[in-house]
Amino acid sequence: MTGVFDVLGPIMIGPSSSHTAGAVRIGRVARAILGDRVSRARILLHGSFAETYRGHGTDRALVAGLMGYATDDEKIREALEAAVREGLAVSFERADLGPVHPNTALLLLTSPSGRRVEVMGSSVGGGSVVITRINGFAVELTGEYNTLLTIHQDRKGVIAAVTAILAEADINIAFMRVSRQERGATALMLIEVDQPVAVWVLEQIRALGAVEQAMMIEPQ
Amino acid sequence: MGYHSVDELVHLAEEKGVRISDVVLGEEVASSGLAPEEVREKMRRNLAVMREALRKGLSEGTRSASGLVGGGARRLKEREAGKKTLTTDLARVIAGALAVSEVNAAMGRIVAGPTAGSAGVLPGVLLPMAEKFDVGEEALLMSLFTAAGVGKIITEKATVAGAEGGCQAECGSASGMAAAALVELAGGTPRQAAQAMAIALKNLLGLVCDPVAGLVEVPCVKRNAGAAANAVTAAEMALAGIESVIPPDEVIEAMASVGRLLPPQLKETAEGGLAATPTGRRIQRQLMGKEERKG
């Protein structure tokens, strides 16, 4: 159901909810997926993002999101200059990312410790976003819920073991999706949960032999 | 419970002998589970952002990233201050709508109402008019609930997205919302508020979304000013007891239907209308070239 603040709101930095506010959210979710500060970002812009990014401030908005700014932060306008001051090296390219939503960006991020992640996200209207790829895995992540992300070996019993740990910790699963590149190789799992996953629960999941990475992405 | 048509909304208000805004606030409290004061506080934050955007647009020399728009509100305000404008109230409304739209285009903070592209209409109409009537903070705050309640029905029955319904869905809806709120501010009845919404929306029916280079600048900024003036026109008629022959809910349905009939070239794709004029195309090429050189 529509509420009055869906009609009058959100409070945001203009000029466009899809090209500005949505771009900030793509940046924020991508930063959360990296799980660290971003020191280097190579950003590929597709479709309408590529054609209008400067006029809509999509470049500034993405970088603002990578630095953790909120969608109504007036500093978004000076985000590119702030990035230079904070030692975040950014480059933009126009690219054809294939049959994807017209407002799509691919972000290749590096953390100060050298951790790298590739995140593709689309701004789908009204400031809502969907992350569609993480490190080449097809995903569907809105960044609106607490989400547990695991990268694990694609073999039987791993998913059951992870969900058993969550059940034991009294955490309810709202939505989940598993994606793999080829049978028996690495798989990526996204589990949207109703409660945040505590660090000790994450540690238990990481301790499972087949799990290579487990991290919590907070709502952005 | 709840209201899903303008008819229901007016009926609920008349039945209880209250304003439309009281019904909308009551329903929001019921559906959100928040306390009335919490809901009002959220709206108060919207009002504060609207007020600041208007002040900024009127006093500072705004300029959009592309350089196509900016500074118009200040120019008009100076002319009005020098008593040179054709009208006083309407000039202030037009300047207010320009101010917030120009702040939006210049990457300033605004309230999407109902969208970022039409964000100038509500503050442009309501802030100068509340000042003129000296109605106080409370009445102004409540009038935003009337605007939002009407907007909620338009969102549910039609659309407020330019990509789906053209500019009639963005500036047209904003104009209808502002007209209803203005009638309430001026002491009109719920029925008159609903009629004002219908008249305002009717006058902008069929308005296409044809942004030059795909940016929220040309013609969006000036269309906000036009939609704001249209809201005043509609409210004047409704307050005089003039009614729309086509009832408000049917007008909303007609807007939805016109939106479906509009070809994609006229729904935010920058492929038709002003965007496809020789000048529109030239600006698009220049801006793209600029992006390639800088990017």
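The values are calculated or read from the model by the stated rules, or taken from the named source; none is laboratory data. Fair warning: this is a prediction, and the values are worked out from it, not measured in the lab. Please note: Cβ atoms are built from the backbone with ideal geometry, for glycine as well, and neighbour counts cover all protein chains shown. Just the protein is used for accessible areas: all its heavy atoms, side chains included, with ligands, DNA and RNA removed. Shrake-Rupley method; radii C 1.70, N 1.55, O 1.52, S 1.80 Å.
Isolated cysteines in the protein assembly as shown, defined as those with no second cysteine Cβ under 4.7 Å, comprise B:CYS171, B:CYS220. The Stokes-Einstein estimate for chain B, based on a Kirkwood radius over Cα pairs and taken at 10 °C with 1.306 mPa s viscosity, is a diffusion coefficient of 83 µm²/s. Rg over Rh for the protein assembly as shown works out to 1.01, using Cα positions for both radii and the Kirkwood form for Rh. Solvent exposure of A:LYS75, expressed as accessible area, is near 110 Å², computed with a probe of 1.4 Å over the protein chains only. Oblate is the label for region B:108-154, because the ratio a/c of its alpha-carbon gyration tensor axes (a ≥ b ≥ c) is 1.5 or higher and a/b is not greater than b/c.
If you run the Gaussian network model on chain B, springs between alpha carbon atoms under 10 Å, then out of B:ARG285, B:ARG260, B:ARG75 the most flexible one is B:ARG285. The GNM of chain B, with springs linking C-alpha atoms under 10 angstrom apart, assigns the highest mean-square fluctuation among B:SER66, B:SER118, B:SER101 to B:SER66. Buried accessible surface for the A/B chain pair comes to about 3200 Å², total over both chains, computed with a 1.4 Å probe. Kindly flag which residue pairs out of B:LYS42/B:LYS132; B:LYS202/B:LYS222; B:LYS56/B:LYS267 have an alpha-carbon separation exceeding 27 Å in this structure. Checking Cα-Cα distances, B:LYS56/B:LYS267 exceed 27 Å. How much of the accessible area of region A:1-132, in percent, comes from carbon and sulfur atoms when a 1.4 Å probe is used? Solvent-exposed carbon and sulfur of region A:1-132 make up 49 percent of the total. All Cα-Cα separations within region A:146-217 were binned at 10 Å from zero, giving a P(r) of 21, 60, 18, 1, each value a whole percent of the pairs. If r is the Cβ-Cβ distance from B:LYS16 to B:LYS132 and R0 is 35 Å, what FRET efficiency results, to the nearest 0.05? Using R0 = 35 Å, I get an efficiency of 0.75.
Normalised per residue, the accessible area of the protein assembly as shown is 41 Å², obtained with a 1.4 Å probe and no contribution from ligands, DNA or RNA.
A Förster radius of 51 Å, combined with the Cβ-Cβ distance separating B:ARG281 from A:ALA169, puts the computed FRET efficiency at roughly 0.30.
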